[in-house]
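Student: Sending over a structure as structure tokens; questions will come in a sec.
The values are calculated or read from the model by the stated rules, or taken from the named source; none is laboratory data. Note that the coordinates shown come from a computational prediction; the quantities given were computed from them, not determined experimentally. Here the Cβ positions follow ideal geometry from the backbone for every residue, glycine too, while neighbour counts run over all protein chains shown. Please note that ligands, DNA and RNA were not included when accessible areas were found on the heavy atoms of the full protein model with its side chains. Shrake-Rupley method; radii C 1.70, N 1.55, O 1.52, S 1.80 Å.
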Amino acid sequence: MKKNWFITFAVLFVSFTLSAWNVPDETLRYSVRFKWGLIDANAGVATLSTVNNPADGTFTATLSGKSVDLLGHYYAATDTMVGTIMSADFRPVYNQRITGESGEFDIETITYDHSGQSSEGEIVKRLPDGKVVRSRVSHYAGGLTLDLLAVFYYIRQIPYEQMTPGETVTVNIFAGTSPEILSVTYNGRVTRPVRGREVPAFDISLTFSARSGSQSPDDMEIWISDDATRVPVQINGSLKIGHIECSLLGEEADAL
């Protein structure tokens, strides 16, 4: 599954007893740095906004940010991903990704069918004027399957305090190509520097692999605040070329 830093960010399990954490209305901002060899450069700011929809038991997540290509060269692009997700179990309902590069824009949508035992998603790619470039239906795996936005919330409600370091859980993940398996390993409690302060956090590692068993190079390490907010305070990810580091900014960071 091809991922730039934007997808990798948005970039995470079999059932545990769920914690008391509920999805909040919030806006989180992260600084993003790209590193490759001698390159160590600011790649912009990623913003993730969350709004609950109590009437239908869903919430809407919007992730936007500036992209950097895999060779370390910057281009004028704004990616936006918007998803509708079930509040109860984090199943994705609808996902739309708008990608722009050098004045070229396209929109890809995935509509998930949760009727009965169905595990198919209708994937449509179109231009801003509505012209359909590609349309297909894809099988995205059985059982609980997350998408790239739902993962960000699902990992926050895992009760890490009930786990032992080295314990790993897995979940299906789908981003429009073929289903993959995401393994989440709990590494233990640590402290992490956030805007000049040491913040208690859960340290977890994420590993993507194809259902055939081959592993993707896009591994991640995430530190989630060890408090009621369960906010990811830092996200480090490996790309096919280079490395990204995302750090929490703003009032949310100051409140920890």
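Student: Full-extension gain between Glu221 and Lys131, please, as 0.36 nm times their residue separation minus the C-alpha to C-alpha distance. The partial results should precede the final answer.
Tutor: Values: separation 90, 0.36 × 90 = 32.40 nm, distance 3.90 nm.
Using 0.36 nm per residue and subtracting the Cα-Cα distance, I get 28.5 nm.
Student: Additional query: Separation between the Met86 and Thr27 pseudo-spin-labels, each 7 Å from Cα along Cα→Cβ, expressed in nm?
Tutor: It works out to 3.0 nm between the two label points.
Student: Another question about this same structure. Quote the accessible area belonging to Val23 in square angstrom, nearest 10, computed with a 1.4 Å probe and with ligands, DNA and RNA left uncounted.
Tutor: My reading of the accessible area for Val23 is about 20 Å².
Student: Now for a different question. When all protein chains stay in place, what accessible area (Å², nearest 10, 1.4 Å probe) is found for Arg91?
Tutor: Surface open to solvent at Arg91 totals about 70 Å².
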